[in-house]
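The values are calculated or read from the model by the stated rules, or taken from the named source; none is laboratory data. All figures in this text were calculated on a predicted structure; none of them were measured in a lab. Note that we place each Cβ from the backbone using ideal geometry, even for glycine, and neighbour counts take in every protein chain shown.
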Amino acid sequence: MAACYWKEEGELQTNSNRQSFTSPCGPVNDTNQVVPCCVNGDYCMSDGFCYYTHSLSGGSGYYVASCTDPTYLSPVCQNRCVNDKSLDAVYNPSSSLWACCTNATSDVQCYAPFDETFDGPPPQSLSTLFYIPATGFSPTSQQITATSTSSSSTSLAASTTSVITPPTTSSGAPKSQDSGLSTGTKAGIGVGVGLGVIVIALLLLILLRQRRNFTLGAARPTLAEAHEKPATEDPVTQVPVTKLPVPKVSLAELAN
């Protein structure tokens, strides 16, 4: 199995102790002459990142992958975060950039990163390419085929075994599989719900209009009823006229 190499404080490292717990992200052969490296038990991600799920004080869950090129000149080798003792990096959503974590006191300090930044997709956009077992990579247990990524011309993805997706974390761990309904299904459900609401609204409108017409028809009197004298109306009381007697006066009496 090919050895892994990395840089610390700008110097190429070949420490055999670290090589014992670091493995390539797949076999090294004529097709993949140089491959990234991550720590055993971690995930090889796209764009030259590694991802770990264990707890690390001050860590972000991500670090820059090393490689199997002893010269560190291959484009597969990520010359990022090589000026300190830590390859850890943290993503800043405000600037949309990755920043290298400090390691001044032998502890990773991603909460106080270096000024060194570099471009890269956010954590949730990274995809899982390969999982290195805790016991190290064994070429006989998993077969890897070459694929391409946005950051390098050669990368690796599992073919005969399913890719293991790291669990979601609060820092935005990547997901290699999308879950939930497809876009077409969601659109169909939306159209169906909209049509159902329209049909229900039309039915309610028809029922309200029928009820209104029924109420107005019951309250409106017919033409005959409108001209018919109410039975409870009292007839006009005829007041009798009393004739008063007119006195008779003679002409002689008028002359006197």
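Against the numbered list (1) over 22 Å from Gly26 (Cα atoms); (2) modelled with pLDDT of 90 or more; (3) among the hydrophobic types (A, V, I, L, M, F, W, C); (4) not in a strand (DSSP E or B), Ala112 comes up short only at (2).
Sub-6 Å Cβ pairs linking a first residue in the range 116-145 that is farther than 20 Å from Asn40 by Cα and at pLDDT 90 or above to a second residue that is of a type in the set (D, E, K, R) and part of a loop (DSSP other than H, G, I, E, B), at least 6 apart or interchain, are Phe118/Arg80, ordered by first then second residue.
Can you confirm whether Tyr62 is over 24 Å from Asp107 (Cβ atoms) and of a type in the set (Phe, Trp, Tyr)? Working first, answer last.
On the way: over 24 Å from Asp107 (Cβ atoms): no; of a type in the set (Phe, Trp, Tyr): yes.
Answer is no for this residue.
For the range 49-81, what are the residues that are of a type in the set (Gly, Ala, Ser) and either surrounded by fewer than 23 Cβ atoms within 10 Å (Cβ to Cβ) or at pLDDT 95 or above (or both)?
First, pick out the residues of the range 49-81 that are of a type in the set (Gly, Ala, Ser): 55, 57-61, 65-66, 74.
Result: Ser55, Ser57, Gly58, Gly59, Ser74.
Contact list please: Cβ distance under 7 Å, first residue in the range 20-49 and over 16 Å from Thr128 (Cβ atoms), second residue among the charged types (D, E, K, R), pairs at least six apart or on different chains. Sorted first by the residue in the range 20-49, then by its partner, the pairs are Val34/Asp69. Checked against (1) modelled with pLDDT of 85 or more; (2) within 16 Å of Asn103 (Cβ to Cβ), Arg18 passes all but condition (1). Quick one: in the range 21-39, of everything that is surrounded by fewer than 16 Cβ atoms within 10 Å (Cβ to Cβ) and not hydrophobic (A, V, I, L, M, F, W, C), which residue is modelled with the highest pLDDT? Step by step, filter the range 21-39, then rank; the result is Gln33. Here the strands (runs of 3 or more DSSP E) wholly within the range 2-42 that include at least 1 residues being small (Gly, Ala, Ser) are 22-24.
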